[in-house]
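Q: Can you read through this structure? Questions will come right after.
The values are calculated or read from the model by the stated rules, or taken from the named source; none is laboratory data. Predicted, not measured: the structure shown is a model, and the values here were computed from it. Methodologically, a virtual Cβ is constructed for each residue, glycine included, from the backbone with ideal geometry; neighbour enumeration extends over all protein chains shown. Calculation scope for accessible area: heavy atoms of the full protein, side chains included, ligands and nucleic acids excluded. Shrake-Rupley method; radii C 1.70, N 1.55, O 1.52, S 1.80 Å.
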Amino acid sequence: MERKYFDVEEIISQVEQKTRSQGGDLLIDYDSCDFSHRLVQPPIVCYLVTTKDERGNLNCAPISMGSAVWGGAPDAAWYFVMGVLGSRQTEKNLRASGECVISYYPYSLLKESHIAGLPLPPGISELEVARLTPVPSSKVSPCGIAECPNNMECRVIHRYEASGTTIFILKIVAVNVSQEIYEQDRAHPYQPGMVLADLMYEVSLNGKPERINYMRMDLKQVYRTGDELGDDSAWTGSFCSWMESEERRGRISAKEHEDILRLYERWMENPDPVGNEGTKAALSARLTELVWKE
Ligand SMILES: Cc1cc2nc3c(=O)[nH]c(=O)nc-3n(C[C@H](O)[C@H](O)[C@H](O)COP(=O)(O)O)c2cc1C
């Protein structure tokens, strides 16, 4: 299949030269060049970020760049990584206060989310203008939003500046969830959590004037990766526990299992693609055969 290659650094610098960006926003779409943001950023769920300024004024803005990240034990925690342009009030408030509440918003808040993204004067609360109802937070100062299915209370633990955007790393310290969504999720065979709240996925920004286009998730169809392959008692497991599982289910014989483990040991002793080329090729071939076997 043919592929198109793009030097994105070059494309962005050309668009930067010919387009006057508004407060750091630079639209990379087919109207401005031969590339699109959406070839990098796939449809992404959006959320409202509520912060407070130094005087105590509430601020709320829709944000799409970023996602939740789960850390492993010990000291496991939920984090949230979020990119906010330096021109935003949200960015200034997060820098100064180090706290925010992140709330995913459902389709029923299409209009309210549009209002929250309007350039209201600093200090004027988007929550009030959008007629959204504050709910108290338990560990941070900014409030959550009653109409949203969840409110994640976050504290900034790191920040990194790149191209006029601040990438914040937040620790999620408390969460409140709508009782209705919580009960639906517990009773659901796949327990997909927030997706049950009919969230919206930003798919593009186009037209004149530019506007956000969203799509919604089709909840009727679930695509599950097969139970016939992989560790039979854990999600990922280890290489050895995976191979044991494959022998148990009959995908490989005891002899094949032994051969694979011998190759695995030889490869782990010297994972050099040149010096140990033969072992690498043999192990790759055995594993390819194993995973594709009907
Ligand atoms: C759906 C949507 C997603 C957005 N995502 C981001 C984002 O990821 N980062 C960002 O800096 N601005 C984003 N914006 C733009 C800000 O929400 C917008 O400029 C807002 O007015 C900023 O408000 P503030 O200055 O009160 O923070 C987004 C807007 C919308 C409508």
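Q: What is the ratio of the Cα radius of gyration of the stretch 15-76 to 2.2 N^0.38 Å, where N is its residue count, to two decimals? Please report the intermediate quantities before stating the final value.
A: Details: Rg = 17.2 Å, N = 62, 2.2 N^0.38 = 10.6 Å.
Against the compact-globule rule of thumb, the ratio is 1.63.
Q: Out of Pro62, Pro74, Pro122, any idea which swings most in a Gaussian network model of the chain, alpha carbons joined below 10 Å?
A: Checking each option, the largest mean-square fluctuation is seen for Pro74.
Q: I need the trypsin sites (Lys or Arg not before Pro) found in the stretch 83-118, filtered to DSSP loop residues with at most 15 other beta carbons within 10 Å of theirs.
A: Working: sites: Arg88, Lys92, Arg95, Lys111; in loops: Arg88.
Taking the stretch 83-118 and a limit of 15 other Cβ atoms within 10 Å, no loop trypsin sites (Lys or Arg not before Pro) are found.
Q: Can you tell me the relative contact order of the stretch 41-216? Whole percent, Cα pairs under 8 Å, sequence separation 6 or more. Intermediate values should be presented prior to the final figure.
A: Details: 376 pairs, mean separation 42.8, N = 176.
Normalised by residue count, the contact order of the stretch 41-216 is 24 percent.
Q: For the stretch 239-292, what does the accessible surface come to per residue with a 1.4 Å probe? Please give it in Å². Present the calculation step by step, with values, prior to reporting the outcome.
A: On the way: 3410 Å² over 54 residues.
Counting only protein heavy atoms, the per-residue value for the stretch 239-292 is 63 Å².
Q: Moving on. For Leu205 and Asp31, calculate 0.36 nm times their separation in residues minus their Cα-Cα distance, and state this gained length in nm to one decimal. If you can, show how the numbers build up before the last one.
A: Details: separation 174, 0.36 × 174 = 62.64 nm, distance 1.12 nm.
Stretched fully, the Leu205-Asp31 segment lengthens by 61.5 nm.
Q: Between the stretch 250-274 and the stretch 122-137, what's the alpha-carbon centroid distance in Å?
A: Computed from Cα coordinates, the inter-centre distance equals 60 Å.
Q: So how much slack lies between Ser138 and Leu229, counting 0.36 nm per residue of separation and subtracting their Cα-Cα distance, in nm? List each step's numbers first, then the result.
A: Details: separation 91, 0.36 × 91 = 32.76 nm, distance 4.34 nm.
This chain segment gains 28.4 nm when fully extended.
Q: From zero up to wherever the largest Cα-Cα distance of the stretch 41-216 sits, split into 10 Å bins and tell me the percent of pairs in each.
A: Reading the bins upward from 0: 10, 38, 39, 12, 1, 0.
Q: Only helical DSSP H runs with n ≥ 4 go in: add -39500 (n - 2.57) per run for the chain, normalise by residue count and round the 222 nm mean residue ellipticity to 500 deg cm²/dmol. Walk me through the numbers before you get to the answer.
A: Details: 8 runs with 82 residues, N = 294.
Roughly -8500 deg cm²/dmol at 222 nm, from the helical runs in the chain.
Q: Something else now. Tell me, what are the semi-axes, in whole angstrom and largest first, of the equivalent ellipsoid of the stretch 51-94 as set by the roots of 5 times the Cα gyration tensor eigenvalues? Intermediate values should be presented prior to the final figure.
A: On the way: eigenvalues 133, 35, 12 Å².
Square roots of five times the eigenvalues give 26, 13, 8 Å.
Q: Turning to a different aspect of this structure: Within the stretch 154-182, list the residues whose amide N lies under 19 Å from a label point set 7 Å along Cα→Cβ of Asp75.
A: 155-160, 169-174
Q: Could you tell me what % of all Cα pairs in the chain have separations over 31 Å? Mind showing how you got there, number by number?
A: Working: 20669 of 43071 pairs.
Looking at the chain, the distances longer than 31 Å represent 48 percent of pairs.
Q: Report, to the nearest whole %, how much of the accessible area of the chain belongs to carbon and sulfur atoms, 1.4 Å probe, protein only.
A: Values: 10010 of 18740 Å².
C and S fraction of accessible area: 53 percent.
Q: For the stretch 239-292, take N as its residue count and report Rg(C-alpha) divided by 2.2 N^0.38 Å.
A: Details: Rg = 11.3 Å, N = 54, 2.2 N^0.38 = 10.0 Å.
Normalised Cα radius of gyration, the stretch 239-292: 1.12.
Q: Can you give the FRET efficiency for Tyr190 and Asp272, using 1/(1 + (r/R0)^6), R0 = 51 Å, r = Cβ-Cβ distance, to the nearest 0.05? Show your work: numbers first, answer last.
A: Details: r = 43 Å, r/R0 = 0.84.
For Tyr190 and Asp272, the calculated efficiency is 0.75.
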